[in-house]
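Asks: Take this structure first; my questions come after.
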Amino acid sequence: MTTSALTPALEARFAAARGVADAVLFEGYVLYPYRASAAKNRLRWQFGVLVPPAWAAAADEHDFQHTECLMEPKTDAALAVEVRFLHAQRRTVQQLRDDGTFETVPELHLTDRVLVPWDEGAEERVEVLATMAELTGDGVVVPFTRPAGEANETVHDEDGRTVGRLVRRCEEISGAVRLSAAELDGPYRAMRLTAVVENTSTWTPDAGDAGRDAALPRSLVAAHLLLGLSAGSFLSMTDPPEWAKGAVAGCRNLHTWPVLTGEPGRTDLVLSSPIILEDHPAIAPESPGALYDSTEIDEILALRTAALTDQEKREARGTDDRAAAVIDLADSMPPEVLERLHGAVRALREVTEPGAPAAVVPDGFPQLPEGADEYDLIRPDQPWWDPASDGGADPARDRILVDGRSVGAGSRVLLRPGLRRTDAQDLFLQGCSALVEAVLHDVDGGVHLAVTVEGDPGADIRREQGRFLYFQPDEVAPLEDA
């Protein structure tokens, strides 16, 4: 086992996956309008925070992440692990006084920014490389520590004169990575990998500590794992082969979720994230840069950021270097780049069965001209989203076949969510009967049933406002019509 740098081959593969991992690392790091004074920026960091054990017991937060996934390593394979997290460092602002001393102040005004106190996040990594022989049996335990420290940064005005300084302090944090592997029972040569990341700090809050703010500098923030095999493959936890479904169901994942990552089609890398993702997550090619604002829409954020007043932009630039980069990005974004954020056609697919006549594309649907790139902007004479572009669709009259029976508005159906990736709230409706209100067709050829649940006292209001629940045909079973 080694905690030194990864081998060149593994490092190259990890580098390709770090784009998505960085998005996880800085998810919700600073929120629009990117100012420390904004109410939603006063409660920092919500994802993957591993607090000291003493605080976890008192505040019902987590001090560990537990990952289990399945892998099929080759005999001589090695497992590379990269633990990634942010180390919070508290920044205070001090102004230079006439007597040459520094005084802590709530803000320091410069020409292009207003510096304010703020908690920054310094990136940290813990790298481990272990053989399969080391992982079996008792496994591998790698403790790590990041020391406390203090650093000063001199602040100059536009004429180069010293006007203040930024003081950054960080507290000591300690943790451990626990890795083990065990062979699965049965004829398949697969193993269950267990990876635990925990905060092992001995810090205990006292009466003078200000709650969570005191625990954060001693926490692993936005903690997640990158796992890679030098030879072999991981199994998908969301779409495993039939023989592995039972073993996957028996895996325990607490406060994190592992997905295949890296280049599409590869299965030798896993990202275990505190945010639930699908296999092979990717950054949209249209995205002009990191906006750090949780799951907001790039286009909306870019427009609203560009519309901030000059004073608001000065405050944002003084809040954090990453917030300043967002302001500069929004101010310098060319119109053609902003226009690409409005949407893109990723792919077109056939909506007919093999051998059936080709589907007729409705007038107005955006079609790619010969030689066009898939990201080219398409401007049909009549927008594809305009209902008038397809006069043949009538949600109130259209009917479809479900299990050989005709279903349309007024039909009763039994709800069977869970047969596909389903909203967790829909699972509460398993086995409920519902009334179909409309049959809807999307531009990709998909069919959706708008329904109201029978016995719902708010059904009339939902019907009046057009706010229905939506299910696909394979998620319902026909009942006798009323």
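Asks: Using protein chains only and a probe of 1.4 angstrom, how many square angstrom of Y470 are accessible, to the nearest 10?
Replies: That residue has around 110 Å² of solvent-accessible surface.
Asks: Report in % the part of the accessible area of the chain that belongs to carbon and sulfur, leaving out ligands and nucleic acids; probe 1.4 Å.
Replies: Details: 12900 of 25310 Å².
Here it works out to 51 percent.
Asks: If you average 1/r over all unlike Cα pairs in the range 214-264 and invert the result, what Kirkwood radius do you get in angstrom? Before the final figure, lay out each step's value.
Replies: Values: mean 1/r = 0.0730 Å⁻¹.
Here the Kirkwood hydrodynamic radius works out to 13.7 Å.
Asks: Relative contact order of the range 77-199: what whole-number percent is it, with Cα pairs under 8 angstrom and at least 6 residues apart?
Replies: Details: 251 pairs, mean separation 32.7, N = 123.
Result for the range 77-199 is 27 percent.
Asks: Report I300's accessible area, 1.4 Å probe, all protein chains in place, as a number in Å² to the nearest 10.
Replies: For I300, solvent-accessible area is about 80 Å².
Asks: Using +1 on the beta carbon of Lys and Arg, -1 on that of Asp and Glu, and nothing else charged, what's the dipole of the range 135-287 about the Cα centre, debye to 20? All intermediate terms of the calculation are to be shown ahead of the outcome.
Replies: On the way: 13 positive and 21 negative charges, 81 e Å.
Rounded to the nearest 20 debye, it is 380 debye.
Asks: So how much slack lies between E299 and A12, counting 0.36 nm per residue of separation and subtracting their Cα-Cα distance, in nm? If you can, show how the numbers build up before the last one.
Replies: Values: separation 287, 0.36 × 287 = 103.32 nm, distance 3.17 nm.
Separation in residues times 0.36 nm, less the Cα-Cα distance, equals 100.1 nm.
Asks: Treating only the Cβ of Lys, Arg, Asp and Glu as charged (+1, +1, -1, -1), what charge dipole size does the range 1-106 show about its Cα centre? Round to the nearest 20 debye.
Replies: Rounded to the nearest 20 debye, it is 400 debye.
Asks: Report relative contact order for the chain in percent, whole number only (criteria: Cα-Cα under 8 Å, sequence separation at least 6).
Replies: With pairs under 8 Å counted, the relative contact order is 16 percent.
Asks: Okay, next question. Take the Cα coordinates of the range 35-163, assign each an equal point scatterer, and use the Debye formula without solvent to give log10 I(q)/I(0) at q = 0.10, 0.12, 0.18 Å⁻¹.
Replies: Log-scaled intensity ratios, in q order: -0.58, -0.74, -1.16.
Asks: Treating cross-link reach as a plain straight distance, find the lysines whose alpha-carbon is under 21 Å from the alpha-carbon of K40, omitting any fewer than eight places away in the same chain.
Replies: In chain and number order, the partners are K313.
Asks: Please list E263, E464 from largest to smallest accessible area, probe radius 1.4 Å, with all protein chains kept in place. Display every interim value, and only then the final one.
Replies: On the way: E263 105, E464 160 Å².
Result, largest first: E464, E263.
Asks: Run the numbers for A325 and D394: contour at 0.36 nm per residue of separation, minus the present Cα-Cα distance, in nm. Intermediate values should be presented prior to the final figure.
Replies: Details: separation 69, 0.36 × 69 = 24.84 nm, distance 4.79 nm.
Here the answer is 20.1 nm.
Asks: Still on this model: Would you tally the net charge around V447, using a Cβ to Cβ cut-off of less than 13 Å, leaving V447 out, and scoring K and R as +1, D and E as -1?
Replies: Values: positive: R399; negative: D398, D442, D444, D474, E475.
Around V447, the charge tally is -4.
Asks: Largest first and in whole Å, give the semi-axes of the range 249-341's equivalent ellipsoid, each being the square root of 5 times a Cα gyration tensor eigenvalue. Before the final figure, lay out each step's value.
Replies: Working: eigenvalues 225, 56, 20 Å².
They are 34, 17, 10 Å, listed from largest to smallest.
Asks: Suppose R0 equals 22 Å; then what is the FRET efficiency for A122 and T238 from their Cβ-Cβ distance, rounded to the nearest 0.05? Numbers along the way, then the final one.
Replies: Numbers: r = 33 Å, r/R0 = 1.48.
The computed FRET efficiency comes out at 0.10.
Asks: Please list D279, D444 in order of solvent-accessible area, largest first, computed with a 1.4 Å probe with all protein chains present.
Replies: Details: D279 35, D444 80 Å².
Highest to lowest solvent-accessible surface, that is D444, D279.
Asks: At q = 0.06, 0.08, 0.09, 0.11 Å⁻¹, what is the base-10 log of I(q)/I(0) for the chain according to the Debye formula with one equal point scatterer per Cα and no solvent? Please give it to two decimals.
Replies: Ignoring solvent entirely, the Cα scatterers give -0.39, -0.69, -0.86, -1.16.
Asks: Rounded to the nearest whole Å², what accessible area per residue is found for the chain with the 1.4 Å probe?
Replies: Values: 25310 Å² over 482 residues.
With the other protein chains kept in place, the chain gives 53 Å² per residue.
Asks: Considering only protein heavy atoms, with the full assembly of protein chains and a 1.4 angstrom probe, order E107, E198, E72 by accessible area, largest first.
Replies: Values: E107 90, E198 40, E72 60 Å².
Result, largest first: E107, E72, E198.
Asks: With a 1.4 Å probe and all protein chains kept in place, how much accessible area does E123 have, in Å² rounded to the nearest 10?
Replies: The accessible area comes out at roughly 100 Å².
Asks: Roughly speaking, what is the stretch gain from T200 to F428, that is 0.36 nm per residue apart minus the C-alpha to C-alpha distance, in nm to one decimal? Write down the numbers at each step before the final one.
Replies: Working: separation 228, 0.36 × 228 = 82.08 nm, distance 3.81 nm.
The T200-F428 span can extend by a further 78.3 nm.
The values are calculated or read from the model by the stated rules, or taken from the named source; none is laboratory data. For clarity, every value in this text was computed on a predicted model and none was experimentally measured. Counting neighbours? That spans all protein chains shown, and the Cβs are built from the backbone with ideal geometry, glycine included. For the accessible areas, the whole protein counts, side chains as well, though only heavy atoms, and no ligand, DNA or RNA atoms are used. Shrake-Rupley method; radii C 1.70, N 1.55, O 1.52, S 1.80 Å.
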